[in-house]
Amino acid sequence: MAKYLYPAIFTEEENGLYDVYFPDIPDCYTSGDSLMDALYMAEDVLALTLYSYERDKRDIPEPSDQKNIKTSGESFVNIISCDTLEYQKRNNDKAVKKTLTIPEWLNELAIKADINFSQVLQEALKAKMNIS
């Protein structure tokens, strides 16, 4: 999971809608009802696509230099940023049951101390992986 910057080509259509595609990432495109909506949708589709690349262990393409991208007509290039870890946190927050073992004496002490095992495990995993 990482942070990325990619150039996107925005094209304003006659009806005021905006089409967006990423020339470096095949099949990564979206649209919006307005420029603001298109910017939001572009970040979302970029994060979704790159997260799926990470999850599937696919090579992530290098972003082009925006100065080398040619546009025409009502099109322009804009840099879109995304954070696949934040995307995953926002969209994959379903609880997953895990079975683990600890010594009985530690379990008894933790129960007496009213420790929330799930919370402790989450905090420990985040600390171990330097995730805030």
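The values are calculated or read from the model by the stated rules, or taken from the named source; none is laboratory data. Computed from a prediction, not measured in an experiment: that's the story for all the values here. Note that we place each Cβ from the backbone using ideal geometry, even for glycine, and neighbour counts take in every protein chain shown. Accessible surface is based on the protein model in full, side chains and every heavy atom, while ligands, DNA and RNA are left aside. Shrake-Rupley method; radii C 1.70, N 1.55, O 1.52, S 1.80 Å.
Can you tell me which residue is farthest from residue 129 (Cα to Cα) among those in region 1-43 that are in a helix (DSSP H, G or I) and without any contact (Cβ under 8 Å) to a residue 40 or more places away in the chain?
35
Among the residues of region 81-88, is there at least one that is farther than 30 Å from residue 120 by Cα, open to solvent by less than 50 Å² (accessible area, probe 1.4 Å) and not hydroxyl-bearing (Ser, Thr, Tyr)?
So the first thing to find is which residues in region 81-88 are farther than 30 Å from residue 120 by Cα, and the list is 81.
Narrowing the set further to residues that are open to solvent by less than 50 Å² (accessible area, probe 1.4 Å) leaves none.
No, every residue in region 81-88 fails to be farther than 30 Å from residue 120 by Cα, open to solvent by less than 50 Å² (accessible area, probe 1.4 Å) and not hydroxyl-bearing (Ser, Thr, Tyr).
Just one of the numbered conditions (1) part of a helix (DSSP H, G or I); (2) under 30 Å from residue 124 (Cβ atoms); (3) modelled with pLDDT of 95 or more; (4) open to solvent by 60 Å² or more (accessible area, probe 1.4 Å) is not true of residue 57; which one?
(1)
Within region 73-132, which residues are part of a loop (DSSP other than H, G, I, E, B) and hydrophobic (A, V, I, L, M, F, W, C)?
First pass over region 73-132, keeping only residues part of a loop (DSSP other than H, G, I, E, B): 73-74, 92-103, 113-116, 129-132.
Result: 95, 96, 100, 102, 113, 115, 129, 131.
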